[in-house]
1. Could you tell me how many degrees, from 0 to 90 and to the nearest 10, lie between the Cα long axis of helix 338-347 and the main elongation axis, the longest principal axis, of the Cα atoms of the chain?
2. Towards the positive end of the charge dipole of the chain, with charges on Cβ (+1 Lys, Arg; -1 Asp, Glu), say which of Gly287, Thr353, Leu277 has the farthest Cα.
3. Can you tell me the equivalent ellipsoid semi-axes for the range 253-386? Use √(5λ) from the Cα gyration tensor, largest first, whole Å.
4. How would you order 98-106, 305-313, 242-250 from highest to lowest mean count of nearby Cβ atoms within 10 Å?
5. Go through the cysteines of the chain and tell me which have no other cysteine Cβ under 4.7 Å away.
6. Given axes a ≥ b ≥ c from the Cα gyration tensor, I'd like to know whether the range 2-108 is rounded (a/c under 1.5), prolate (a/b larger than b/c) or oblate.
7. Helix 289-313 versus the longest principal axis of the chain: what is the Cα-based angle in degrees, 0 to 90, to the nearest 10?
8. With the dipole of the range 262-405 worked out from charges on the C-beta (+1 for Lys and Arg, -1 for Asp and Glu) around the Cα centre, which of Gly329, Pro316, Ala297 lies farthest toward the positive end?
Amino acid sequence: MNKKRMIKVTEPVISLPNVHSIGVIGDPGCEGLGTYNMKVYAGALEETAKDDITLIAGDLVPAGTKHYYNTIREITESLTENDVYSLRGNHDTGDYADYFGRKNYALLAENFALIVLDNAARTFEEEGLSLMAEVLSKEDVDQAILAFHIPVPNNFISNCVSQEEFDRLRQAYEPWRDKVKYLLCGHVHSRFEDEVDGIALICTGGGGAMIEDVSKDIRACDVEHHVVHFYEENGQLKYQIANLSEDCYGREREDGVLRQKLEETVQGELMAHFKYLMFADRARRRGMDRIANLFQALAASEYYHARNFYSVLDRPAPFRESVETYVPGEEFEYQHLYKMVAKYAEEHESPLTEQAYTGAAAAEKEHAALLKKASHIEEFDERILYVCPICGYVMTGTTVMERCPVCGGPKKQYEIYE
């Protein structure tokens, strides 16, 4: 069995007679190659494995150095189940050609062509435009996708190439305009579909980078991470958007040894996070702000380590269904667990432990109530939340008191979240 790999393109035109579909992943690596983002990319690769080949629509890496290119190649070739091609994005600078070869090229599939054009510097190269014209002029090419990284002018966003550049592109394909079925781009960390010059434009940037608000019409809350499938149906080239679930990749947590080690590591990192925060508080009280800043920075680092490890384990429900999944844990704590331990502590003359569990139980009860309310996400209207830093009790803007009802901590010390 041939090993699937990231292809280094060395010829301007490549014939792929057995290819009938292409999966497209946009912008997997421009925000960094950390585990948290790469989980989305891993899920995207699993989804595009349904196609004959995969195309990455630019921004494989945050910066074009050998270190990042080696990293993305190693991750990709460990996970992919088909050959992966790429086009150059604005982050894919430096050593791109050493790893992925030509910046302008064409793939001739069974019944369509994919023409890759480099516009990472916001201009289309003459080499690419000439190649496009050559391929479109072929009698056996009836339908084509023009793929590039930065969008052409459209009805949704202004982050695109100039009208002058689009005019150059349009002039080059105009004699064969009827053959151009799709304009495909990335760059924008979102997704939209439009029509430009009578041709369908598909912008996809949901293969790893965090989804962003890109306009008043295209909000992050309305767009999921996703890939695009192009495929033939009755001789026609069509496409379909496939959203990725937040639990889009889970292969590695199925390994029992890895799962146990990951769980242990998450616990260790979170304990270090907590210890560093506590020491930062101690340093701050003594006026040692530089030491406090150091330990707060270390605490943040340990949290992000824990997040990366936990992301491999995590099996989140869809976002709008997720809030209510936290309610049973909070209810179990205040209804059963904390009462049981507090009673044991009382019987064994351990008043501080009893106090800690009793106070926490009161807070967990309030947590459960707030989470139940927040499970109706669009209706949740609490704008200000207060947390007592002494015992952790949570209050809303309508219930806040001058002193914490659990421990008596003063209002002036409450942490405010608004």
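Derivation of every value follows stated rules applied to the coordinates shown; laboratory data play no part. Just so it is clear, the model here is predicted, and its values are computed rather than measured. Cβ atoms come from the backbone with ideal geometry, glycine included; neighbour counts cover every protein chain shown.
1. Between the helix axis and the principal axis of the chain, the angle is about 30 degrees.
2. Of Gly287, Thr353, Leu277, it is Gly287.
3. Details: eigenvalues 137, 121, 80 Å².
Those come to 26, 25, 20 Å.
4. Details: 98-106: 20.1, 305-313: 18.6, 242-250: 16.8.
Ranked by mean Cβ neighbours within 10 Å, highest first: 98-106, 305-313, 242-250.
5. Isolated Cys, the chain: Cys30, Cys160, Cys185, Cys203, Cys221, Cys248.
6. Working: a/c = 1.84, a/b = 1.19, b/c = 1.55.
Judged from the Cα gyration tensor, the range 2-108 comes out oblate (a/c at least 1.5, b/c at or above a/b).
7. The two axes meet at around 60 degrees.
8. The one lying farthest along the dipole's positive direction is Ala297.
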